[in-house]
Amino acid sequence: MKLQNFFVVASFFTKINLNSNQTLKNHFLTFLLIGGISFAAKSQEKITLSGYVKDAENGETLIGATVVVNELNSGNITNVYGFYSITIPPGLYEVDFRYVGYETITKQIDLTENQRVDVELSAGSQQLQEVVVSARAQDANVSEVEMSTQEMDIKTIEKIPAFLGEVDVIKSIQLLPGVSSVGEGASGFNVRGGSVGQNLILLDEAPVYNSSHLLGFFSVFNPDAVKDVKLYKGGIPAKYGGRISSVLDVRMKEGNNKRYTVSGGIGTIFSRLAVEGPLIKDKASFIVAGRRSYADVLFKPFNEELRNGAQLYFYDLTAKANYTINDKNRVFLSGYLGRDVFLFDGVQGFTWGNKTGTLRWNHLFNDQLFSNLTLLVSDYDYSLKFGEDEEDLFEWNSNIISYQFKPEFSYFINTNSELTFGADAILYRFVPAEARGVSVGEEINISLEDQRALESSAYIGLEQKIGNLTIQPGIRVSNFNYLGGPNVYTYGDTIPGRKKPVESIQDSDRGEIIESYYNAEPRLALKYQLDPVSSVKASYNRMAQYLHLISNTTASNPLDLWTPTTNNIKPQIGHQIALGYFRNFQNNAYEASIEIYGKHNENQLDYIDGAQLFFNEELEGELLSGTGRAYGLELYVKKNNGKLNGWISYTLGRSELNVEGIGNDDWYPTRFDQLHNLTFAAFYEFNPSWTLSSNFSAISGTPFTSPNGRYEIQGYVAPAVDTRNAGRVPVSHRLDLSATWTFSDVKPNGKPRRGEHSMVFTLYNTYFRKNPFTIYFRQQQSRPEEGEPIRTEAVQVSIFAFVIPGISYNFKF
């Protein structure tokens, strides 16, 4: 790619949403200039070595494999599609291709012209006998510029003791530093003091608006279809936007392009089945994976409600196919369909579910310029229905749907420089309520108007190595347009903490821009290599979030409402700075890190006392806006390999809000504030047949709103509250254990066993701990005698009060 061609492309991106804001344009051009200087720095003739690194057994591309030119002691790592590119002077080189748990391949390559070298790595026999905790390069935590990032491959996740023996991605990441939830069985997760709605969750790049099955006990991610899980807590690259707390990037398997395989499992609560194989060997492949719970089927003979039509189950189907057109073009098509069903009698109840679709096209313009063009759709909906017949019923349907177009480019300038740039456009449709009520045959329509919005952005980022220093500047420029269609409300001022009065209601034309917002989102990451085994890192990011999750419950639930930024609701703005020290020991057998972080968030939503969040045309008048802050320290120690391995993490953190009109305008803790969070995970391989695993967590109690006074009215008590989240539930702690029995390759009769088989035995909440979920207050059931005081009591709610055993059988043919 010639220098002048690069600036033609760059000038195109500067025109996207920037013409009306000269300041943003100047920031963007500054980063383009940095990229241009890097291009111009190539003063001598160089040759490019590029290609893909794959798994020899199934043809899956390997994310984060290391390609090292030994003579130069430099190289690169493969991207999320397994592609690498190294530009170096001509010559004869010895090149190593490495991936943790796989045998290293060394090739002698005579570079006289650009070469394409694809490599397939085989799992090493010695590594197969050990548990591998990470699939990244063994020194990645020290050598890479990324910080505040955790990556887990599915092999690690499968070894963590899980509820009822079923592997779960979301529960697994809650064992990492800075990640928590408000309690057992809670939906979603919280990262560094952020709310559930501030996490961007991606499945093959498609956003997932609710990541939970069974009210939070399981996630929507089928482990049989998951390839890689990466969590960004800070130092978030410029290519990501739309949320201010974290990014969870889940990548699906591509499907075995060598041979057909069938895998799955039969568990305590649900079963799984996955089929994958080549459509055209070494050229096209597919994978289809499905799950369904069956409590409603197993317990139907013993439960009258189930026999009378009640339903309690969830299911999901995950599918993906890919086709390699030629050496420069490859296409992927993937999708997800999942649903939860809770019906009390076959008619009444509620359901919710996700649907996503992803179409991607990888294209190599040349050996250095890699592109990915993506089309996405994501739809989350829920519905409720109550009433026994059409004469007396209530129905409510709600959903959010988004359509997205995303071109992305990576230019591998040389072994020290990589430039990324791209754009993004998302069209949203929000349906807060399609609802009707029928009473004695008379129907009332209580639906709310749909809302629409358009979000667009462009970004550029550079990773540049200068001796021991690596810098990663970037900037993302975003624009959000709240579009017409519904009535436009304007609210007046009032006493802080009170409902705002409506000043005017105006009609709007569909597609009309009601309000428009622009934001510059600069990013910066730095790494200084102190020596081969240690480094210090720092990062800063400013991010804008234009969607808001409306919820006033203890934990996120399926009925929470997504709403857009409007003329009355401002976008959330998040600032985060982090600093860390990273060190490895004993030839990367152990790694340790310490990070401190600070966050300042603007336009954080809370609610007036008694706010009505549903079926409320004037909801915006009952929302309050304030400032949030979070700060903390994270410690992490991990043993990477061997028969005994695992990690210990500790987080010391605070998360607080300051909202005018709440709590005398003082800072108060968020519902997910937790001062201490200690977790460990350990795995021990006794022999090739038996592996023991355990995890333990001890977490400070989360806040809840407790009364500090009361009113007595005609024998009833009404609580008096002047401070939110002033109480704390007791400390939570839990130990989980599991044992995995892997069947021998040889049957007892001496004949070889076909396929791979294992049994997993788990004990969840091993020592019967009654961990608190929340606390509420109630008065005595009977009316007191005249003259006696009315007694009240605090009641602790626990999800589990006993040990929960689980067993599952897993297979692969």
### When each of 643/812; 258/639; 281/638; 46/107 is checked by Cα-Cα distance, pairs over 29 Å
258/639; 281/638
### Message
Give me the three principal axis extents of the chain from the C-alpha atoms, as integers in angstrom, largest value leading.
### Response
97, 77, 50
### Message
Please report the carbon-and-sulfur percent of the accessible area for segment 149-247; probe 1.4 Å, protein heavy atoms only, DNA, RNA and ligands left out.
### Response
55 percent
### Whole-angstrom Cα spans of segment 263-353 along principal axes, big to small
60, 24, 14
### Message
Quick check on packing: order 145-153, 636-644, 791-799 by the mean number of other C-beta atoms within 10 Å, highest mean leading.
### Response
145-153, 636-644, 791-799
### Task
Towards the positive end of the charge dipole of segment 149-247, with charges on Cβ (+1 Lys, Arg; -1 Asp, Glu), say which of 199, 235, 173 has the farthest Cα.
235
#### Entry: Length-normalised contact order for the chain - Cα pairs under 8 Å, 6+ apart - percent
11 percent
#### Entry: Approximate spin-label separation residue 637-residue 692, in nm, with each point projected 7 Å along Cα-to-Cβ
2.1 nm
### Task
Would you mind calculating the gained length between residue 713 and residue 559 on full extension (0.36 nm times residue separation, minus the Cα-Cα distance), in nm to one decimal?
52.1 nm
### Message
Using the basic label-point model (7 angstrom from Cα toward the beta carbon), what is the residue 72 to residue 280 distance in nanometres?
### Response
3.4 nm
### Task
Quote to one decimal, in nm, the extra length available between residue 112 and residue 617 on full extension: 0.36 nm per residue of separation minus the C-alpha distance between them.
174.9 nm
### Long-range HN-HN contacts of residue 798 with modeled amide H, under 5 Å
773
### Message
Multiplying the sequence separation of residue 391 and residue 438 by 0.36 nm and subtracting their Cα-Cα distance, what value in nm do you get?
### Response
16.3 nm
### Summary
Check: C-alpha center segment 621-671 vs C-alpha center segment 201-237, spacing in Å is 20 Å
#### Entry: the chain: angle of helix 22-40 to the longest principal axis, Cα-based, in degrees nearest 10
20 degrees
## Note on the structure
Dividing the helical contributions, -39500 (n - 2.57) per DSSP H run of n ≥ 4, by the residues of the chain yields a 222 nm value, nearest 500 deg cm²/dmol, of -1500 deg cm²/dmol
### Task
Please give, to one decimal in nm, the separation of the simple spin-label points placed at residue 644 and residue 807, each 7 Å out from Cα toward the Cβ.
3.0 nm
## Note on the structure
Calc'd 3J(HN,Hα), segment 401-414, phi into Karplus 6.51 cos²θ - 1.76 cosθ + 1.60 (θ = phi - 60°), Hz, glycine/Pro = x, comes to 10, 9, 10, 9, 10, 9, x, 9, 9, 10, 10, 8, 5, 7
### Query
Got a number for the accessible area of residue 228? Probe 1.4 Å, square angstrom, nearest 10.
10 Å²
### Task
Could you look at segment 654-738 and say what percent of its accessible area is carbon and sulfur, using a 1.4 Å probe and all protein chains?
57 percent
### Query
Using a 1.4 Å probe, what is the accessible area per residue for segment 657-793, in Å²?
58 Å²
### Per residue solvent-accessible surface (Å²) - segment 149-247, probe of 1.4 Å
16 Å²
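The values are calculated or read from the model by the stated rules, or taken from the named source; none is laboratory data. Predicted model, so just to flag it, every value in this text is computed and none were measured. So basically every Cβ, Gly included, is an ideal-geometry build from the backbone, and we count neighbours across all protein chains shown. Accessible surface areas use protein heavy atoms only, side chains included; no ligands, DNA or RNA. Shrake-Rupley method; radii C 1.70, N 1.55, O 1.52, S 1.80 Å.
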